[in-house]
1. Hey, any hits in the stretch 268-276 for a residue that's touching a strand residue (DSSP E or B) at 6+ places or on another chain (Cβ under 7 Å) and among the acidic types (D, E)?
2. V222 is checked against (1) over 23 Å from N145 (Cα atoms); (2) aliphatic (A, V, I, L, M); (3) surrounded by fewer than 20 Cβ atoms within 10 Å (Cβ to Cβ) and fails just one. What number does that condition carry?
3. List every residue pair whose Cβ atoms sit under 7 Å apart, with the two residues 6 or more apart in sequence or on different chains, where the first one lies in the stretch 75-104 and is within 14 Å of I187 (Cβ to Cβ) and the second, anywhere, is basic (K, R).
4. Please enumerate the residues belonging to the stretch 98-126 that are in contact with an Asp or Glu (Cβ under 9 Å, 6 or more places away or on another chain), surrounded by fewer than 22 Cβ atoms within 10 Å (Cβ to Cβ) and β-branched (V, I, T).
5. When you go through (1) modelled with pLDDT under 95; (2) out of contact with any Gly (no Cβ under 6 Å at 6 or more places or on another chain); (3) more than 27 Å from G241 (Cβ to Cβ) one by one for L63, which number turns out not to apply?
6. All but one of (1) over 22 Å from F297 (Cα atoms); (2) of a type in the set (D, E, K, R); (3) surrounded by 24 or more Cβ atoms within 10 Å (Cβ to Cβ) hold for K232; which doesn't?
7. Any idea which of I150, I129, I187, I193 is within 17 Å of the chain's Cα centre (by Cα), crowded, with 16+ Cβ neighbours inside 10 Å and farther than 17 Å from P230 by Cβ?
8. Tally up the residues in the stretch 249-302 that are at pLDDT 90 or above and among the charged types (D, E, K, R), please.
Amino acid sequence: MSRFRKIFSQAFVICGVLSMSPALFAQAQCGTQPLKIPLPAGSSIQPADLDDKGGIVGTLTTLSPTTGTESFTGFLFSQGVFTHFRFPGSLTTRPGDINNHSVIVGSFTLAFNGPSHPFMVRNGVFTEIKLPGFPKADATAAGINDLGDITGVITANGVVQSYLLHQGKVTLISFPGAAGGTFARSINNAGVIVGFFRSGPESTAHAGGFTWKNGVFTTIEVPGSNDTFPSKINDKGVIVGLDFDSQDVNRGFALVDGKFFNLVPDPDGTDIFALNNFNNVLGRTFSTGSVGLFKGFCSAVF
């Protein structure tokens with residue numbers, strides 16, 4: 001089973017998904033429910049994140065019945081209402097994050113195989129995010145905190161790096177020795193960024209996780225894993241993501257106060273890719289070749 005195929009999944013029950021502390025983590029009455037969102041005919045979704053009110057953003061993929069081609073637009077599912085949107089004039093729109101002020105960030109393209117551009121949606125108004133000093137760079141926006149700080153990935157001078165956009169100033173972030181690139185995924189209100197780096201080409205090189213704050217890196221490596229891909233960090237400092245074990249099976253993980261918790265109820269693998277401040281998560285498991293999504297909770301069901 002290929003690494004990329006294993007990432008996709010079907011809903012499965014998790015015990016002890018997340019909690020408020022390591023002690024509670026192991027004891028909490030946690031669970032999951034299938035994530036059911038009413039979709040237009042011929043479409044599928046890939047959620048990216050959720051806010052503290054349970055609003056979910058991500059990418060809607062729609063297959064044309066006449067041409068067989070796929071289109072990619074953003075979606076928001078909030079309080080039982082599903083809406084989809086596209087950055088004006090774009091070919092593709094892919095949201096990456098939503099903060100607790102309902103501000104959405106992501107990336108869009110204008111042409112097939114064209115560069116990515118970061119964008120923001122605030123109160124229904126779309127804005128392209130301008131990165132000072134890099135007006136034409138290929139860039140994405142992957143995360144935004146409640147203070148308006150934005151992080152993402154930028155290709156500048158042929159190097160794939162991450163960035164922090166804070167009060168109009170861009171700081172480039174490159175993990176030492178990451179010849180294959182540095183990929184930020186999320187930022188919390190304390191300014192801690194999480195992501196992953198590659199030591200070389202994607203097909204062969206090791207991938208490891210990191211946190212970054214004020215120029216200081218900390219490595220995240222799930223014990224016994226071949227590769228570690230952190231995806232989100234919340235304001236409590238809880239980190240969730242995906243790792244590949246020694247058998248190359250994908251597992252969801254949580255990192256709470258320096259302790260790792262393995263979230264792999266399905267022997268075919270689990271992925272955790274979204275997290276809010278109530279330790280609600282979104283994820284997926286893979287079983288018998290079908291694809292499904294779940295929401296996990298250790299607090300109120302959302």
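The values are calculated or read from the model by the stated rules, or taken from the named source; none is laboratory data. Just so it is clear, the structure is predicted and the values come from calculations on it, not from any experiment. Glycine also receives a Cβ, built like all others from the backbone with ideal geometry; neighbour counts cover every protein chain displayed.
1. Yes - at least one qualifying residue is present in the stretch 268-276.
2. Exception for V222: condition (3).
3. Close Cβ pairs satisfying both conditions: V103/R122.
4. Answer for the stretch 98-126, where residues must be in contact with an Asp or Glu (Cβ under 9 Å, 6 or more places away or on another chain), surrounded by fewer than 22 Cβ atoms within 10 Å (Cβ to Cβ) and β-branched (V, I, T): just V103.
5. Every listed condition holds for L63 apart from (2).
6. If we test K232 against (1) over 22 Å from F297 (Cα atoms); (2) of a type in the set (D, E, K, R); (3) surrounded by 24 or more Cβ atoms within 10 Å (Cβ to Cβ), just (1) comes out false.
7. After ruling out the rest, the residue left standing is I150.
8. Result for the stretch 249-302: 2.
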